[in-house]
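To start, the structure under review is shown below, and the notes come after it.
The values are calculated or read from the model by the stated rules, or taken from the named source; none is laboratory data. This structure is a prediction, so every number in the text was calculated from the model and none was measured. Neighbour counts are summed over all protein chains in view; Cβ atoms, including those assigned to glycine, are modelled from backbone coordinates with ideal geometry.
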Amino acid sequence: MSVIAILIIVSLMLAGGFLAAFFWAVRSGAMDDMHTPALRILSEDGDEPLTKEE
Amino acid sequence: MLEQVHATRPSPDAREHGAPRCHHCGLPCADRTIGAGDHVFCCAGCRTVFEILSESGLARFYDLNAGPGTRVSAAPAAGRFEYLDDPSIRPRLLDFSDGTLARATLRLPAIHCVACVWLLENLFKLHPAIGASRVNFPRRELTVTFQEKDLPLSRVVELLTSIGYEPALSLANLAGATEQRVARGLYTRLGVAGFAFGNVMLLSFPAYFGLSTEEPRLRALFSAISLLLSVPVLLYSASDYWRAAWLCVRRRLLTIDLPIAIGIVALYGQSLQHILMHAGDGYLDTFTGLIFFLLCGKWFQRRTYERLSFDRDYTSYFPLSVTRREAGGDRIVPITQLVVGDRVVVRNGELIPSDAELVSGAASIDYSFITGEAEPVAKTPGELLHAGGRQVGGALEIRLLKDVAQSTLTSLWNQDAFRKHAGKGLESLTNRVSRWFTPAILAIATLAAAYWQWRDPSNAVRVFVAVLIVACPCALAMTAPFAEGAALRVLGRRRLYLRDASVIEALSGIDTIVFDKTGTLTTRSRARPAFHGAPLSPAEQTAILSLTQHSTHPHSTALREAMEDAGEAVEVTDFRETAGAGIEGVVHNQHYQLGSARWLAAQGVDMAADSGADAETRVWLSIAGRRRGYWAPQSRYRADIGRLAGALRQRYRLAVLSGDTERERATLETLFGRDVDMRFRESPMGKLAFIRGLQEAGRRVMMVGDGLNDAGALKQSDVGVAVSEDTAGFSPACDMILDAGRLGELPGALQLSRRAVAIVMASFVLSFIYNAVGIGFAARGALSPLVAAILMPLSSVSVVAFATGAVAWAGRRRPQNP
C-alpha cells in the first residue's frame, strides 16, 4: 500500500513540473495576446521568412 | 471569429457606383485618378505609399486584403517628430535601450486588418536598421526593435507615418503598462486553482464511493495532500475575494464578494476541522472547484473587455508636444517639459495645455470638450484660459500659470465626473440582489442551527456551516458578467461598442430617446460642392486650400475636398476665423474671405440681396473685397432615419434637438411624426437643460449625438450614444459609440439589452432554485462531500451556460430584420 503513496507523490511532482512550465509561459508573455497569432497565420507565406532573425 | 476592430476609416455612406477604387486605400476615386502601371489611385499620397512598398518588396500587402491602406493626407512636416529624441522623452517611450539596440511600443490606430499585421511585421524590409517587429492586434500596438544609432526613434515614427500608420503619441504613452501585470496575475491564479482542483478531485474519489473508511491511513494521506494543495488556492488564488470582502466591510458597501468570501471560509474551515479532528473527508474538492469556476468567470469577463478600448482619460487626449517660444525662436518641446511661466504658441485647432494667461493674439476658445458649449468664447490679452480648450482662429501666445497635470482639466476629468453610473447610484443588478441575499442566508442558517440545537445539538454547528457553504452564490456572481459579456460581444459584432457591462442595464431601463440633428441624423454629402461663379484658377484653388486648412469647421473640410486642381498648401498670413460666420486670410498678397453672405456684407463686400431657401447655407468667396461666387455644401438625412424612427416610436418617446432653425421642421415631421417634441436653435447648454428636465420628470433618457458639440448633454443623459463617422474622435462622456452607418441597429441593441436583463433575472431565479435544493440538503444535515461536489459545479455551469446561450440566441440575426 505504501506504493500508492510513492506513486501519488511522484505524479504530483510531475504535475507540479507542468504547473511550473505554465508559470514560465505566462511570465514570458504567451497569454498576453491571443488574437494576433490567428491573424498572423493567415498572412504567412511558406517561402519567405516571417520576421528578421534577431 | 476574426473581428475587424474598427479603425479610423471614413465609412462610405454613399455608394458611388462605377467609380474606380483606389488600389491603396480602397475608397472610390471620385473624379480624379492617378495611375501607375496597371493600378489607379485616388491621390498622390496613396500612390507614393504604393511605390514605397513595391520598391521594398512589400507588394504582397495588396494581395492580403483589398484596398488595405490608409489614405495619407500629407507628408509630415520636417522636424515634426524631432522632440521624440529629447533625452527627457525618449527613455519613457522606449521599452528598452542599451545604446545600440532599442525597442519601442507604439499605438497605431490605423491597424485594422491582416494586411496591416503582415506589413508591420515585415517592417524590416523598409529600412536596414529595423529589426524584428510584432503587432498586438486587439490593442493596435506595434513593438519594434531597431538600431538606435542609425535610426533614432523620431525617424522610425516618420517612417511609419509615411506609409500611413501614424502613431498616436500622447501622455498616456509615458504612463507605462501595469495592465499586463494584472492580466498575467489572473492566469497564474487560474493555473494554481485548476491544478489543485484536478488533483484534489482525483484524490476525493474514494470518498465518493464510500471506500475511504476502509483504509484509514490512505484516507489520512489523501486528505493531507488535498489540504496541502488547497493552501495556495486559499491564500493566492482567492486573494481577490479577500481584498474585495475587506473593502465591503470597511466601506459598508455590500457586494456579491462578501457572501462568496463567507462561503469560502466556511468551506475551508469546515474541511480543515473535519480532517484534523474527525479524520473525515472534508469538502476540499468543492472548495478548489469553487475558486476555479469563479476565476474562470473573471477570465471570461476580461476577455470580453479586452476588445473594447474605452480607456481614454485626459492623458490620451493631450498631444505630446507643443511649440514653446524661447529667446532664440520657437521650438517644439515635449509637453512634460513645460513649467509655470513658459510661453507657448497655440495655433488654430490646437489645445491649451494647461491653465494659462493670454499674452497676445485673438483668442476664440472652444470649450466644447469640457462643457459641451460649442460656441467659442472670445478672450482678450490678460484673461485666463482653461486647459483643454481649443483655439479657433489665428495663433496665440500664452503664458502658463500651472503645470500640465495640475490644471483644472485634471480635476474635471476625474473619475467621479465621468463615471456617471456610479455617481447616479445605479447599482448593478447583482449588487442589489446581494444586499438582501447575505442577511437572508445568515437568517436561514441560524434558523436551521437553532432547530438542530433543540433536536440534536451535535449537529447544530455542522448544519450552520453547511448552509453557508451551499448558499455560496457562485452562480449568482457569474451570471451577470457572463450574460452581459455575451451581450457586449453580440453588439460588438454589430459594430456597436459599449463602455462596459453596466451600460446594458442602463439601456434596458430607457424610455425616452433624444436625437441631435446635425451630424447625427444628417451627414455631409459625399458629393463635392460645386462652385457657382466663374471657374477658379489653380492658384485661387491653392489659396482656398491653404486658407481652409486652418479651420476645422465642417464647411472648410468640404471645400478642401472640392479644391481639385490645387497644388501644395502655401502660407497664409493674418488668418482669422469668426465663429459661425467665416474665415479670412492673406494668400499671395490677396485678401481672401470665405463665409456667410451676412458676414461678408458686414465686412464691406458688395453682396446683392440674396434670397432663396438655401441662402443661409451658402458659403461665399470674396477675393480682394470683390464677390467671386459661392458653394452650397449639402447635408442630407441618412437613409434609414425614417425606418429607425418608426421602429422606435412604438416603445419610446422621441425628441429631436437642433442648433439650426425651424426650416427643417417639415422634413423632420415626415420622418418622425407630428407628435414628437422638436426644439430648434438649441445651444449645447439648452440641450443639456432639456435632458435634465426630462430626467426630473422621472424619465430615463438616451441621447444620440455626434459627441462633438453635445458632450454635456451626452454626459447628462442616462445613456449617451455617440454616432461618429470616424471612431477615433469621440468624447469620453458617451457610453456607447457606433459607426454612422449603423444607426439602424439601435432598436435591435435596445431590444437585446432588455432581453439580456430579463435573462439575467431568469438566471438568478435558476440559481436560487439550486440554492434552495442545496439548503434542503444542508438543513437536514445530509450535505455530504459528494452532494456538495455535484451540486456546486452543476449549478455554476448550468446557470452560466443558460445565461450565455440565451443571450447568444436572443442576439442571433433573423433574416428578415436587417
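Side notes on the structure shown:
- Top-ranked residue of the stretch A:28-50 - restricted to ones that are more than 7 Å from chain B (Cβ to nearest Cβ) and within 26 Å of B:Gly185 (Cα to Cα), ranked as modelled with the highest pLDDT: A:Ser28
- Contact annotation: no residue pair with Cβ atoms under 6 Å, 6 or more positions apart or on different chains, pairs a residue in the stretch A:1-26 that is at the interface with another protein chain (Cβ under 9 Å from one of its Cβ atoms) and within 16 Å of B:Asn199 (Cα to Cα) with a partner that is loosely packed, with under 11 Cβ neighbours inside 10 Å and among the aromatic types (Phe, Trp, Tyr).
- Residue among B:Phe197, B:Phe205, B:Phe146 that is free of Cβ contacts under 8 Å to residues at least 12 places away in the same chain, more than 9 Å from every other protein chain (Cβ to nearest Cβ) and among the aromatic types (Phe, Trp, Tyr): B:Phe205
- Selection within the stretch B:690-710 - modelled with pLDDT of 85 or more and not in a strand (DSSP E or B): B:Phe690, B:Ile691, B:Arg692, B:Gly693, B:Leu694, B:Gln695, B:Glu696, B:Ala697, B:Gly698, B:Arg699, B:Arg700
Let's see how each residue does on (1) out of contact with any strand residue (DSSP E or B) (no Cβ under 8 Å at 6 or more places or on another chain); (2) at pLDDT 85 or above; (3) more than 11 Å from chain A (Cβ to nearest Cβ):
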site: B:Val135; (1), (2), (3): no, yes, no
site: B:Pro152; (1), (2), (3): yes, yes, yes
site: B:Glu158; (1), (2), (3): yes, yes, yes
site: B:Arg181; (1), (2), (3): yes, no, no
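- Condition met for B:Gly425 (farther than 26 Å from B:Arg499 by Cβ, modelled with pLDDT under 80 and not hydrophobic (A, V, I, L, M, F, W, C)): no
- Filter result for B:Leu229 (within 14 Å of another protein chain (Cβ to nearest Cβ) and modelled with pLDDT of 90 or more): yes
- Restricting the stretch B:87-98 to residues that are surrounded by fewer than 18 Cβ atoms within 10 Å (Cβ to Cβ) and at pLDDT below 80, the residue that is farthest from the other protein chains (Cβ to nearest Cβ): B:Ser88
- Restricting the stretch B:117-133 to residues that are in contact (Cβ under 8 Å) with a residue 40 or more places away in the chain and either assigned to a helix (DSSP H, G or I) or more than 21 Å from B:Phe50 (Cβ to Cβ) (or both) leaves a set whose member that is nearest to the other protein chains (Cβ to nearest Cβ) is B:Trp118.
- For the stretch B:473-509, filtered to residues that are part of a loop (DSSP other than H, G, I, E, B) and farther than 30 Å from B:Leu442 by Cα, the residue that is nearest to the chain's Cα centre (by Cα) is B:Arg499.
- Single residue of the stretch B:246-297 satisfying the filter (without any contact (Cβ under 8 Å) to a residue 40 or more places away in the chain and β-branched (Val, Ile, Thr)) that is surrounded by the most Cβ atoms within 10 Å (Cβ to Cβ): B:Val265
- Condition broken by B:Pro633, with the remaining ones in (1) within 30 Å of B:Gln590 (Cβ to Cβ); (2) at pLDDT 80 or above; (3) buried (at least 18 other Cβ atoms within 10 Å of the Cβ) satisfied: (2)
- Whenever a residue of the stretch B:635-657 is at negative phi, its partners that are assigned to a strand (DSSP E or B) and of a type outside the set (A, V, I, L, M, F, W, C), lying with C-beta atoms within less than 6 angstrom and at least six residues away or across chains, give the pairs B:Ser635/B:Thr522; B:Ser635/B:Arg524; B:Tyr637/B:Thr522; B:Arg638/B:Thr523; B:Arg653/B:Thr512; B:Ala655/B:Asp677; B:Leu657/B:Asp516; B:Leu657/B:Arg679.
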